[in-house]
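Student: Before we start, here is the structure in question, set down as structure tokens.
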Amino acid sequence: MSLPKVVRPLLRDEAYDHIRQAIVDGSLPPGAPLRDGDLAEQLGLSKAPVREALRRLAEEGLVDSKPQSYTRVSEVMSPDVLDAREIVRVLHEFAVRQAAAKCRPHDIAAMRAANDRFAKAIEAGDVKAAVKADDELHDVPVRLAGNAAVAATLDRYTPLLRRLEHARFSSALAWNSVLRHTKLIDALEAHDAATAVSVIATIWTDLLEDR
């Protein structure tokens, strides 16, 4: 038996990950021009993988591009963001509805621990850690739902909402999220699908309304 060789990550994927993170965390703010040469130099890459990364980010709505005119970071609010919010909300509703009957004590414990990390990150002003903990909390019902298409679609569209999360989690509104997380966890622990769906809908709807 022979094992396949380990393949290094594609440079275009590395470029994509780095540029996307900089857009999401605000290092590259809305409207910032994106020049492939400058980005390639900063990342230590050639222009080709950077151009491919920018093309992919444009398809995802994080970059605005007009051939021979401009390539820039998209605005935080756009039709793409509104559409993504609706898709993400509906899929999380599906996930918690499926997860409500499947949650076990260790799943609930994992969500409570994630919410504790989230609260501590908010208190410390560590938005990056807050986003990570928020992801870990919501990943539990998504995993329990057991639907690969749902998980993949969330992975595709959630980045469009990251900048809204960064703004929310750096403000006093973040404490509303702590409380709503607790209500969601309590509902899942009680196997109360209706309440869990109602709470998760509020979490994602208020990402835009509580601004």
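Student: Net charge near His166, counting Lys/Arg +1 and Asp/Glu -1 over other residues with Cβ under 10 Å of its Cβ?
Tutor: Computed value for this residue: +2.
Student: Scattering from the C-alpha atoms of the stretch 11-73 alone, worked out with Debye: what is log10 I(q)/I(0) at q = 0.14, 0.23, 0.24 1/Å?
Tutor: For the stretch 11-73 at q = 0.14, 0.23, 0.24 Å⁻¹, log10 I(q)/I(0) is -0.31, -0.91, -1.00.
Student: Something else: For Glu14 and Asp139, FRET efficiency with R0 = 22 Å and r from the beta-carbon atoms, rounded to 0.05?
Tutor: It comes out at approximately 0.40.
Student: Now a separate question. Given Val81, Gln68, Trp175, which one lies farthest toward the positive end of the charge dipole of the chain, if we put +1 on the Cβ of every Lys and Arg and -1 on the Cβ of every Asp and Glu?
Tutor: Comparing the listed Cα positions along the dipole, Gln68 ranks first.
Student: When the chain is modelled as a GNM with alpha-carbon springs shorter than 10 Å, which of Lys47, Lys183, Lys66 fluctuates the most?
Tutor: Judging by the Gaussian network model, the answer is Lys66.
Student: Taking the stretch 89-160, how much of its Cα-Cα pair set, in percent, is spaced more than 18 angstrom apart?
Tutor: Tail of the P(r) past 18 Å holds 42 percent of the pairs.
Student: So for the chain, what are the equivalent ellipsoid semi-axes in whole Å, largest first, each being the square root of 5 times an eigenvalue of the Cα gyration tensor?
Tutor: 33, 21, 16
Student: Students often get this wrong: which residues of the stretch 145-172 have the backbone nitrogen under 17 Å from the point 7 angstrom along Cα-to-C-beta of Asp126?
Tutor: Residues 166, 169-171 qualify, since their backbone N sits under 17 Å from the label point.
Student: Can you tell me the FRET efficiency between Asn147 and Met77 if r is taken as the Cβ-Cβ distance and R0 is 22 Å, rounded to the nearest 0.05?
Tutor: Efficiency, rounded to the nearest 0.05: 0.15.
Student: Grab the beta carbon distance between Asp186 and Gln21, set R0 = 22 Å, and tell me the FRET efficiency rounded to 0.05.
Tutor: 0.10
Student: Considering the dipole of the chain built from charges on the beta carbon (Lys and Arg +1, Asp and Glu -1) around the Cα centre, which of Gly44, Ala130, Ala58 is farthest to its positive end?
Tutor: Positive-most Cα among the choices belongs to Gly44.
Student: How far, in degrees from 0 to 90, does helix 193-209 lean away from the longest principal axis of the Cα atoms of the chain, to the nearest 10?
Tutor: Result, in degrees: 40.
Student: Anyone know which of His166, His138, His106 comes out most mobile in the 10 Å Cα GNM of the chain?
Tutor: Result: His106 has the largest fluctuation of those listed.
Student: Place a label point 7 angstrom from the Cα of Val90 along the Cα-to-Cβ direction, then list the residues of the stretch 149-166 whose backbone nitrogen is under 18 Å away.
Tutor: Inside the label zone: 149-161.
Student: Leaving out same-chain residues fewer than 8 places away, which lysines sit with a Cα under 28 Å from that of Lys66?
Tutor: Result set, ordered by chain and number: Lys47.
Student: Now for a separate question. Which residue, Glu14, Glu189, Glu93, has the most motion in a Gaussian network model of the chain that connects Cα atoms within less than 10 Å?
Tutor: Top of the fluctuation ranking is Glu14.
Read-outs throughout are calculated quantities, based only on the coordinates presented, and are distinct from any laboratory measurement. All figures in this text were calculated on a predicted structure; none of them were measured in a lab. When we count neighbours, we look across all protein chains shown, and the Cβ atoms used for this are built from the backbone with ideal geometry, even at glycine.
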